[in-house]
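Accompanying notes for the structure given below.
FYI, it's all coordinate maths here, none of it is from the lab. None of the values given here were measured: they were computed from a predicted structure. For neighbour counting, all protein chains shown are included, and Cβ atoms are generated from backbone atoms with ideal geometry for every residue, glycine included.
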Amino acid sequence: MTPNRRTLLWLAVAALLAVVVAVQTVSTVSHRSGALAARSGMPTVAPGADVLAGITVVPVRTHRFDYRRSLFGDAWDDDNDALGGHNGCDTRNDVLNRDLVEITHVSTTRCPEAVATGVLHDPYTNATVAFTRGPKIGEAVQIDHIVPLAYAWDMGASAWGYRQRLRFANDPANLLAVAGQGNQDKGDAGPGQWMPPNKSFACQYAIAYISVLRGYALRLDAPSAEVLRRAAATCPTG
């Protein structure tokens, strides 16, 4: 990814997050990536703010059991309307280019500047993970949907049209490069069942989760609401 294209993508992401956060009276410091947030700053919550204001909380998550990944389009399809879509590079490589450091590139059919090697500072476990493109490309470093697709499906996305679902699946505000095992452990669990083992990332994770729910008008189950409130309470006030 060229410096100009990366800069434009991040300016667009920052602009979107600024709007979302302003609506929920939560302010954030601009970050280069969620993975680096713990080092570069932390979201702040206005004193007395209800971080879940405007989000519909339901007693429990009702599993629809008709979820399929294909309902959200082909994985990492660049032909989407999210920020960074239609830029000539698949979404997975967009996120790897954003979240990894010490990157080298290789040209592929899906991305002229696909990540060949790099280093991930995993926000979920605080581990450092070396990434090398190869036959088992998706195992060491995976791209997590902060709000899982299946969770979103159960909480409102089943009523969306195809283009909206495709946008959601590729929205960089809902994506993080993370260590593969942590992503597998999370699965499609909501915050009531899973939170990042790295406790210092709880604030950032909660604010990102809440921002996506609000931005897409998704519902939230009550056990997860309680966990997110506690996590957001660890954020500094500002």
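Neighbours of C111 by Cβ distance under 9 Å: Lys/Arg scored +1, Asp/Glu scored -1, total -2. Among the chymotrypsin sites (Phe, Trp or Tyr not before Pro) found in the stretch 34-132, those both in a DSSP coil and sparsely packed, with 12 or fewer other Cβ atoms within 10 Å of their Cβ, are F65. Relative to the globular-protein estimate of 2.2 N^0.38 Å, the Cα radius of gyration of the stretch 145-238 stands at 1.05.
The residues packed around P196, meaning those with a beta-carbon under 13 Å from its beta-carbon, carry a net charge of -1 if Lys and Arg are +1 and Asp and Glu are -1. Taken over the stretch 66-166, the percentage of Cα pairs per 5 Å bin, counting from 0 up to the bin with the maximum distance, is 2, 12, 20, 21, 17, 15, 9, 3, 0. Packing order of peptides 104-112, 218-226, highest average first: 218-226, 104-112 (average count of other Cβ atoms within 10 Å over each peptide's residues). Take the Cα of V57, go 7 Å toward its beta carbon, and the backbone nitrogen atoms of the stretch 195-213 under 14 Å from that spot belong to 210. Other residues within the sphere of radius under 13 Å centred on the Cβ of W153, judged by their own Cβ, net out at +3 (K and R +1, D and E -1).
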